[in-house]
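Accompanying notes for the structure given below.
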């Protein structure tokens, strides 16, 4: 059990280890999940949760990107149950030279979509583009989140789909940001 006092803040390794013998108004951070609590009338009350960022590369640097549904899928863990998807980016780990390539590239993007297969919902309003001459969707291009369908629940299966593949891109991954609801 880790229990440290940093000024007026208590730091513990898990919620179960929050002390009860402290004054009302005490503040605490739980290391296992980053949540912050304040003691109010003898009860630890959640006051903030950090955003969660998932960066996953699912095609290796030397694998070509091809069009297909369910190119990669993953389940939503308990730690982000009820969170909202707030940002979605994609990346290709490299650009290769194609044999017999003309001097002017065919300016096509690789396009990625993401859906919640469990709920049968599209999480994005449009595709995540990776420009023909780039390796990420940064800085200007990211998909607009479908805020009607952005909440994920523990056990939901998320599918990553490639709707267009530019032949020069290798390796593929996504960077997804989830935040807890701000509703009270």
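Hey, does region 34-50 have a residue that's in contact with a helix residue (DSSP H, G or I) (Cβ under 7 Å, 6 or more places away or on another chain), surrounded by 11 or more Cβ atoms within 10 Å (Cβ to Cβ) and closer than 29 Å to residue 86 by Cα?
Just the residues of region 34-50 that are in contact with a helix residue (DSSP H, G or I) (Cβ under 7 Å, 6 or more places away or on another chain), to begin with: none.
No - not one qualifying residue is present in region 34-50.
Consider only pairs whose beta carbons are under 7 Å apart and that are at least six residues apart or on different chains; among these, list those whose first residue lies in region 17-30 and is at positive phi and whose second residue is in a strand (DSSP E or B).
That search, which allows pairs on different chains as well, returns 25/38; 25/39.
Could you grab me the full set of residues in region 64-76 that are over 21 Å from the mean Cα position of the chain (by Cα) and at pLDDT below 85?
64, the sole residue that qualifies.
Table: residues versus (1) within 20 Å of residue 152 (Cβ to Cβ); (2) in a loop (DSSP other than H, G, I, E, B); (3) under 28 Å from the mean Cα position of the chain (by Cα).
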| position | (1), (2), (3) |
| --- | --- |
| 16 | no, no, yes |
| 20 | no, yes, no |
| 24 | no, yes, no |
| 46 | yes, no, yes |
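Just name the residue that is nearest to residue 84 (Cα to Cα) out of those in region 124-169 that are at pLDDT below 85 and outside any loop (DSSP other than H, G, I, E, B).
136
Filter region 61-77 down to residues that are closer than 15 Å to residue 118 by Cα and not in a strand (DSSP E or B), then give me how many there are. Give the steps one after another, and end with the answer.
Within region 61-77, the first condition is being closer than 15 Å to residue 118 by Cα, and the residues that meet it are 69-70, 72-77.
Adding the requirement that they be not in a strand (DSSP E or B) leaves 76-77.
So the answer is 2.
Being within 26 Å of residue 151 (Cβ to Cβ) and at pLDDT below 85 is the filter here, so list the residues in region 46-63 that pass it. Working first, answer last.
Residues of region 46-63 that are within 26 Å of residue 151 (Cβ to Cβ), as a first pass: 46-58.
If the condition is that a residue be within 26 Å of residue 151 (Cβ to Cβ) and at pLDDT below 85, then 46, 47, 48, 49, 50 are the ones that fit.
Is at least one residue of region 88-108 modelled with pLDDT under 85, assigned to a strand (DSSP E or B), in contact with a strand residue (DSSP E or B) (Cβ under 8 Å, 6 or more places away or on another chain) and closer than 30 Å to residue 9 by Cα? Steps first, please.
Pass one, region 88-108, residues modelled with pLDDT under 85: 93-108.
Next cut, assigned to a strand (DSSP E or B) only: 94-95.
From what is left, the residues that are in contact with a strand residue (DSSP E or B) (Cβ under 8 Å, 6 or more places away or on another chain) are 94-95.
So of that shortlist, the ones also closer than 30 Å to residue 9 by Cα come out as none.
No, region 88-108 has no match at all.
The values are calculated or read from the model by the stated rules, or taken from the named source; none is laboratory data. These figures come from a predicted structure and were not determined experimentally. All Cβ positions, even for glycine, are placed from backbone atoms using ideal geometry, and neighbour counts span all protein chains on display.
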